[in-house]
Amino acid sequence: PIADLEGRVYVNTSHPRAVNCVLTTTGTTSTQITGCEVVAAQSYYITSLQVFGDIANAVTTPWRLQSGTSTDCTGAVILTAGYHVALSGITMTFPVPIKATAAHGLCILDDTAGTKKISVQGYLAP
């Protein structure tokens, strides 16, 4: 164990393979989130995410967080989805992490025109 000069044991409170993936895009097709690319034999465990946009999306055009096997999430699996008002966003936390399929990267799909930003936190594990 690691201790400070007073003998108190140091405890790491974050996962050793923590990830924070961020993407700002104006795309209306599935786009890979920077930092959450495909990793062989590993899965992303998503503990929280934030999605913001300058244009509101509606029931017919939700944003979708997906996983897939390439930079545009071929064979996409929808992990979660949601809506936000214009110039606003949504924050979601998952006490039980959402597990993506092994060897899948993460993408956002938001068919609404405009700029959107997504940030995904979690960790990488088998």
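The values are calculated or read from the model by the stated rules, or taken from the named source; none is laboratory data. Remember, it's a predicted structure, so these values are computed and weren't measured experimentally. All Cβ positions, glycine included, derive from the backbone under ideal geometry; neighbour counts span all protein chains shown. Just so you know, the surface numbers come from the protein's heavy atoms only, side chains and all, with ligands and any DNA or RNA stripped out. Shrake-Rupley method; radii C 1.70, N 1.55, O 1.52, S 1.80 Å.
Here the simple spin-label model places points 7 Å from the Cα toward Cβ, and for Asp4 and Val77 these points are separated by 4.2 nm. Take every Cα pair under 8 Å whose residues are at least 6 apart in sequence, average their separation, divide by the length of the chain, and the relative contact order is 41 percent. Once neighbouring chains are kept in place and the probe is 1.4 Å, which whole percent of the accessible area of the chain is contributed by carbon and sulfur? Carbon and sulfur together cover 62 percent of it. Were the residues from Asn12 through Asp111 laid out at 0.36 nm apart, the gain over their Cα-Cα distance would be 31.7 nm.
Placing a label point 7 Å from the Cα of Ala103 along the Cα-to-Cβ direction, no residue of the stretch 13-30 has a backbone N closer than 11 Å.
Computed over all pairs of different Cα atoms, the Kirkwood value for the hydrodynamic radius of the chain is 15.3 Å. Counting charges near Ser48 (Lys, Arg +1; Asp, Glu -1) among other residues having Cβ under 15 Å from its Cβ returns a value of +2. With both labels modelled 7 Å from their Cα along Cα-to-Cβ, the Gln42 to Thr93 distance reads 2.5 nm.
Averaged over its residues, the chain has an accessible area of 54 Å² per residue, based on protein heavy atoms and a 1.4 Å probe. Rg of the Cα atoms in the stretch 1-51, relative to 2.2 N^0.38 Å, amounts to 1.75. The accessible area of Tyr83, taken with all protein chains in place and a 1.4 Å probe, comes to roughly 110 Å².
Put Asp110, Asp54, Asp72 in order of accessible area, highest first, and with a 1.4 Å probe you get Asp72, Asp54, Asp110.
Here Thr69 sits with roughly 80 square angstrom of accessible surface, probe radius 1.4 Å.
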